[in-house]
Amino acid sequence: MDETLDEPPTSAVFLDNCHFSQVIFNNVEKFYVPGGDITCYYTLTQHITPRRKDWVGIFRVGWKTTREYYTFMWAPFPGDLSGESIVQQQIQFRAYYLPKDDEYYQFCYVDEEGVVRGASVPFQFRAETEDDILVVTTQGEVEEIEQQNKDLLKENKELKESCRCLQKQNLGLQEELRLAQEKMKELEGEVCFLQTGNLELRRAQELQAGEMSSAQMNLASVRDQNLKLGKENQELQKGLESLRSSCEKLELEGNFLKEENKRLTEQNGCRERELQQFKEHNQEVSSEKEQLESRLKTTLDRMDQLQAQVLNQEKEMENLVRMDHDKTEQLEHLKEENRQLRITLTEQHQNHDLTKELEEKNYLFQILQQQKDEIDEKNLKLRQENDELLMRLSESPDYSARVAVPLAQVPTQSPESANLLFGNPYYRSPETSAVNMPSVKKCPLCHEVFSDDIGPRQYEDHVRSHILDCPFCDETFEDKQVYDDHMYCHSLE
């Protein structure tokens, strides 16, 4: 009998809450012969609506709840269900599942909520015997039976009193169960609210990751500009060294000219005026040299300040990335805790402890939201500082002076010095300065220096080898840390 393998729906409802008149059992025998199948006949009145999970069980007389059934069969669902009709049904119980003792039993019809809707008269499972038996008892046995009846009546009263107490306790437990179910529904609503909060926080984190990637791109552009400034600073240092060497040569030639001037003073008086002109020109060159040295010093100081600011910004960006990673791990841990909390909500009825845990999770959400706002403010400040640095670099006169060495500052040969015997010693041709400035190819990412004989295609291939392509989108990255952060953002989706 495969139908008996499933457990029927039962409840702890007592006899006072059952309705025994909605199902009427017909043709119930006083006893049934053991070892044979029995058929149960019953009538469904218009006061009951049959359902798929209704069942008919055999109960020992004296049962308290529907959980005390001996065996059961699923009640067949009637085919014709008119409004106020009476339906005749029958169920056959197999002999293998029937009781083997001679106790009194009865049929009970139980609905899918575990409530009894009808019960039959008691019957026994015993062999057939003669009905008329003459019983002879003495007066002492009669008194003993009466005393037993009194004891049974007293015991019955005590059982009824205990039954009333149990019913009161059952009502209290049912009320507590109802309150617990309402609390469970409230907690489920709060869990749904927390899940929506998690989704919103995840969207905000994705937006923050996009803003951080843009800030890192801006930082990379600032680094490129710093590299350009470093190259220009090297070019200025080389120009300064060439100026110093030319000044030393000019001093040597000046001494030689002084001696030549002393020797030629008697021959030509006009040489004195020319020498005076050379002295004035030498003073101008010296003043220009001092101006260049002062400007180079200020430029070097400015470069040191900019490099210190860039290092500070890089440290702040690393701290922000680390904090963002920690917040992401906390969010994942919080999601796992929410999932475990939802599972325990369905299994446990300890509502007070769950309420405390939900309050702690709400408090943790508020802390994470505040930390996220602080990170957004720091990102905004870093963006503003990067914009200010770019504006200050573009507006700085030293930056424009380092872009290209002006040729107007290099002294040229005046027409008056064309007739000098030894020429103008302070004059340096543009071709000579162009030769002294070598052209160098340098990788902007790894700072590797290449010779002039390398082709542009090889140089481009070397630069492209540092570029990292994202396999999920069309973005490219030059910094490995930025690429790792971008891939981590994809892993969170």
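Key figures for this structure:
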| item | result |
| --- | --- |
| Partner lysines for Lys160 [C-alpha distance under 23 Å; skip if fewer than 8 residues away on the same chain] | Lys64, Lys150, Lys168 |
| Furthest towards positive pole of dipole, Leu166, Gly230, Gln283, structure part segment 159-305, Cβ charges | Leu166 |
| Solvent-accessible area, 1.4 Å probe, carbon plus sulfur percent, for segment 155-273 | 53 percent |
| Residues of type aspartates and glutamates that Lys53 reaches as a straight line, Cα spacing below 12 Å, ignoring anything fewer than 8 places off in the same chain | Glu3, Asp6, Glu7, Asp111, Glu112, Glu113 |
| Alpha-carbon radius of gyration plus Dmax, which is the widest Cα pair, for segment 163-272 in Å | 45.5, 148 |
| Burial order of peptide ranges 97-105, 49-57, 167-175 (average beta-carbon count within 10 Å, highest first) | 49-57, 97-105, 167-175 |
| Restraint check, Lys249/Lys297; Lys249/Lys289; Lys327/Lys361; Lys183/Lys361; Lys356/Lys378, Cα-Cα greater than 22 Å | Lys249/Lys297; Lys356/Lys378 |
| Segment 266-346, accessible area per residue, ligands and nucleic acids excluded (1.4 Å, Å²) | 67 Å² |
| Rounded percent of accessible protein surface that carbon and sulfur make up, segment 26-121, 1.4 Å probe | 46 percent |
| Aspartates and glutamates whose Cα lies under 18 Å from that of Lys279, excluding same-chain neighbours fewer than 8 positions away | Glu248, Glu251, Glu253, Glu259, Glu260, Glu288, Glu290, Glu416 |
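The values are calculated or read from the model by the stated rules, or taken from the named source; none is laboratory data. What you are looking at is a predicted structure, and each value in this text was computed from that prediction instead of being measured. Positions of Cβ are backbone-derived with ideal geometry, glycine not excepted, and every protein chain shown enters the neighbour counts. For accessibility, only protein heavy atoms count, side chains too; no ligands or nucleic acids. Shrake-Rupley method; radii C 1.70, N 1.55, O 1.52, S 1.80 Å.
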